[in-house]
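To start, the structure itself, in structure tokens.
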């Protein structure tokens, strides 16, 4: 199976940050699947061009989208928009039987839905944080219009997905509150590779 995997902040083991997507993708490759990972290159020293590399059998497409936690709200939004546009275009050039997208940010769902609809292939969405509930709760999103748009995107994402993956039972309950069928929500918690420890 050809799997298009969208994760804006994908990390390999030699990078700082979580490697859940890498571990999943690497195991999918080991099971005989072809995985195409679309992600962003965030460092300031990399080329401003998209490039492809094969990492442990995973075809990784690095799109140059500068990003930093020091960015203000507007610069973050512009970075998200740039990734949405470039990843949507790139996704149409890659043959795939299924689209798998993992948040955050929730905007990763936009290129995933776009590709799924255009190609007529199913989509699976993984929820790592309950958006927009989390940023609303911490006061990161205050505008009533933005809150409403985020909730529309959340519900559209769930109801376009063949399945939704939650990282905990609590997240599963939160997703189910939107009306999405409980039987289509699967829980796959975070774990560790005990061989490495």
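When the helices in the chain are scored as -39500 (n - 2.57) per DSSP H run of 4 or longer and the sum is shared across all residues, what 222 nm value do you end up with, to the nearest 500 deg cm²/dmol? So the calculated ellipticity at 222 nm is -11000 deg cm²/dmol.
In terms of surrounding Cβ atoms within a 10 Å radius of their Cβ, 34, 155, 126 rank from fewest to most as 155, 34, 126.
I'd like to know how the chain sits against the 2.2 N^0.38 Å rule of thumb: what's its Cα Rg over that expected value?
On the way: Rg = 16.4 Å, N = 197, 2.2 N^0.38 = 16.4 Å.
So the chain has a normalised radius of gyration of 1.00.
When the chain is fully extended, how far beyond the present Cα-Cα distance does residue 192 get from residue 42, taking 0.36 nm per residue of separation? Don't jump to the answer; show the numbers that get you there.
Details: separation 150, 0.36 × 150 = 54.00 nm, distance 2.54 nm.
Answer, rounded to one decimal: 51.5 nm.
Using only Cα positions of the range 124-197, each an equal point scatterer, no hydration layer, compute I(q)/I(0) via Debye at q = 0.18, 0.22, 0.27 Å⁻¹ and quote the log10 values to two decimals. Cα-only, vacuum Debye calculation for the range 124-197: -0.72, -0.96, -1.23.
FYI, it's all coordinate maths here, none of it is from the lab. If you're wondering where the values come from, they're calculated on a predicted model, not measured in any experiment. Cβ sites come from the backbone with ideal geometry, for glycine too, and all protein chains shown count toward neighbours.
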